[in-house]
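Novice: Sending over a structure as structure tokens; questions will come in a sec.
Every read-out reported here was derived from the displayed coordinates using simple, explicitly stated rules and does not represent laboratory data. All of these numbers come straight from a predicted model, not from anything done at the bench. Note: ideal-geometry Cβ built from the backbone for every residue, glycine included; neighbour counts use all protein chains shown.
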Amino acid sequence: MSVNTNKIGTNILLLGFVSFLADTSTHMIKPILPMFIAALGGGGLAVGTIGGLTDALASLLKVFSGHWADRIRRCKPFIFFGYLTSGIFKLLFPLSTTWQHMLVLMPMERTGKGLREAPRDALIAASSEFGTRGRGFGFHRAMDTAGSVLGSLLAFVLIAALAFSIKSILFISALVAFSSVVPIFFVREQKASEVPGSVLSLSLKGLPRSFRLFLVAATVYSLGNFTYMFLILRATQFFSAGLSMAMPILLYILINVAYAALSYPSGLLSDQIGRKKVLIMGYALFAITCLGLAVTQVWSGLALFFGLYGVHRALTDGAQRALVADLVAPDIRGTALGAFHTATGLAAFPASIIAGILWQIAPLWTFLYGSVMGFAAAILLTALIRSGRTGALSPDPSKSVNY
């Protein structure tokens with residue numbers, strides 16, 4: 001992937017490297033977590049509960065951390081302590097002896113993400129030029145996901161080639177997590193001289209109508225976007241005992257390769273044709289992917305839809321964040337990004353619970369549910385665009401960008 005770094009600031013490069021290291025750590029764990037939970041006695045409902053609760057608790061913090069970063073006009077402390085917190089709780093993962101331990105530890109580890117994500121995204125937006133914000137977020141997501149690829153590959157090599165135990169891998173990933181805090185010391189704060197009055201209260205009423213309408217569509221999408229762990233469980237159904245651990249990890253790597261390769265081009269595309277058009281494509285592709293995972297009976301079809309899942313992530317993750325940053329003024333950007341992450345993250349909790357209940361009935365129903373919600377989100381966002389109700393509110397009226 002060729003990236004023109006002349007238009008990507010030093011802060012974005014550094015934060016990209018931070019996320020690269022952090023996601024290397026996280027994705028050494030993620031492809032083996034469903035199997036670890038199952039080995040500790042947890043079934044489909046346990047996986048859904050852990051995945052959903054993990055996202056929900058982290059999401060509760062995002063609106064507060066984003067709002068507080070706006071108030072004090074500082075993002076670095078939230079970013080630093082967020083990554084440090086994740087490393088500390090990852091050290092405790094290998095000590096788990098029942099799935100209930102992971103029910104507590106995984107949400108606590110994700111509180112680090114809740115602390116850092118909205119302030120980090122606000123700092124990325126502040127460090128980007130308005131008309132090139134898509135490529136800034138796209139570059140960051142590409143670095144983030146390159147770490148995901150490396151972490152997944154390391155997990156595969158450690159298990160398949162070196163016969164490491166799952167608990168050993170969990171410990172190694174924690175050590176890698178601590179290394180991610182080092183580049184943060186070199187990030188420069190984008191600081192305002194005083195706190196604007198619009199930041200003093202925490203309320204959706206203070207955010208633009210266009211943002212609130214987009215948040216509805218994004219939340220509908222998240223209500224169907226259940227934890228990735230159900231994809232891993234689906235993959236284990238296709239392989240015998242000897243391959244049931246290694247092959248799902250390879251398929252998980254495929255997701256992240258597609259995600260990493262296309263994140264930056266997707267960001268560029270959103271700068272050129274508009275964020276909402278890219279998001280509609282992403283939501284619809286998620287629906288198609290879930291439908292395919294529901295009905296496929298061959299491993300080649302499984303591989304295809306795992307790859308498409310990565311493409312859909314590339315289309316949606318950066319574009320959603322960039323659109324939120326575009327729709328609000330700079331002085332409330334952290335609050336808006338926090339509200340976005342909180343609303344969509346909280347929606348993922350019932351999504352994973354519902355998916356777990358449906359999985360207990362039949363895996364088919366889990367993926368059909370995701371497909372219905374993905375199509376609903378795409379249709380809703382399309383309807384909002386046609387009604388003209390999500391017109392852009394640019395922080396700088398002298399500049400324009402496609403929406």
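Novice: Compute the Cα gyration tensor for the range 19-60, then decide on rounded, prolate or oblate, letting a ≥ b ≥ c be the square roots of its eigenvalues: rounded whenever a/c is under 1.5, prolate when a/b is larger than b/c in the other cases, and oblate in all that remain.
Specialist: Judged from the Cα gyration tensor, the range 19-60 comes out oblate (a/c at least 1.5, b/c at or above a/b).
Novice: Another question about this same structure. In Å and from the alpha-carbon atoms only, list the Rg and Dmax of the range 1-92.
Specialist: When restricted to Cα atoms, the range 1-92 yields Rg and Dmax of 16.9, 51 Å.
Novice: ³J(HN,Hα) across the range 251-261 via Karplus (A = 6.51, B = -1.76, C = 1.60, θ = phi - 60°), whole Hz, x for Gly/Pro?
Specialist: Once θ is set to phi - 60°, the couplings for the range 251-261 become 5, 5, 4, 4, 4, 6, 5, 4, 4, 5, 5 Hz.
Novice: Around Thr316, what is the net charge, scoring Lys/Arg as +1 and Asp/Glu as -1 over all other residues with Cβ under 15 Å from its Cβ?
Specialist: Here the count lands on +3.
Novice: Also: Let me understand the chain better: what is its radius of gyration from the alpha carbons, and its Dmax, in angstrom?
Specialist: Spelled out, the Cα radius of gyration and Dmax of the chain are 19.9, 62 Å.
Novice: Exceeding 20 Å between C-alpha atoms, which entries from my cross-link table qualify? They are Lys76/Lys113; Lys76/Lys276; Lys30/Lys90; Lys30/Lys167.
Specialist: Distance filter (> 20 Å) returns Lys76/Lys276.
Novice: If you don't mind, another one. In a shell of Cβ-Cβ distance under 14 Å around Leu95, excluding Leu95 itself, what net charge do Lys and Arg (+1) and Asp and Glu (-1) give?
Specialist: Once positives and negatives cancel, what remains is +1.
Novice: What are the GluC sites (Glu not before Pro) within the range 53-142 that DSSP puts in a loop, where the Cβ has at most 12 other Cβ atoms within 10 Å?
Specialist: Glu129
Novice: Related question: Compare the peptides 170-176, 255-261 by average per-residue count of other Cβ atoms within 10 angstrom and give them in order, highest first.
Specialist: 255-261, 170-176
Novice: Now for a different question. Any chance you could get the radius of gyration and Dmax over the Cα atoms of the range 67-159, in Å?
Specialist: 16.2, 51
Novice: Tell me, what HN-Hα J-couplings in whole Hz come from the Karplus equation 6.51 cos²θ - 1.76 cosθ + 1.60 at θ = phi - 60° for each residue of the range 159-166, using x for Gly and Pro?
Specialist: 7, 7, 9, 9, 6, 5, 6, 4
Novice: For the range 142-156, just list the computed ³J(HN,Hα) in residue order, Karplus coefficients 6.51, -1.76 and 1.60, θ = phi - 60°, integers in Hz, with x standing in for Gly and Pro.
Specialist: After applying 6.51 cos²θ - 1.76 cosθ + 1.60, I find 5, 5, 3, 7, 4, x, 4, 5, 4, x, 5, 5, 4, 4, 5 Hz.
Novice: So what's the net charge close to Ser173: Lys and Arg +1, Asp and Glu -1, counting the other residues with Cβ under 13 Å from its Cβ?
Specialist: Net of charged neighbours comes to +1.
Novice: In terms of modelled amide H atoms, which long-range or inter-chain residues lie less than 5 Å from the amide H of Asn225?
Specialist: Excluding prolines and chain starts, which carry no amide H, there are no hits.
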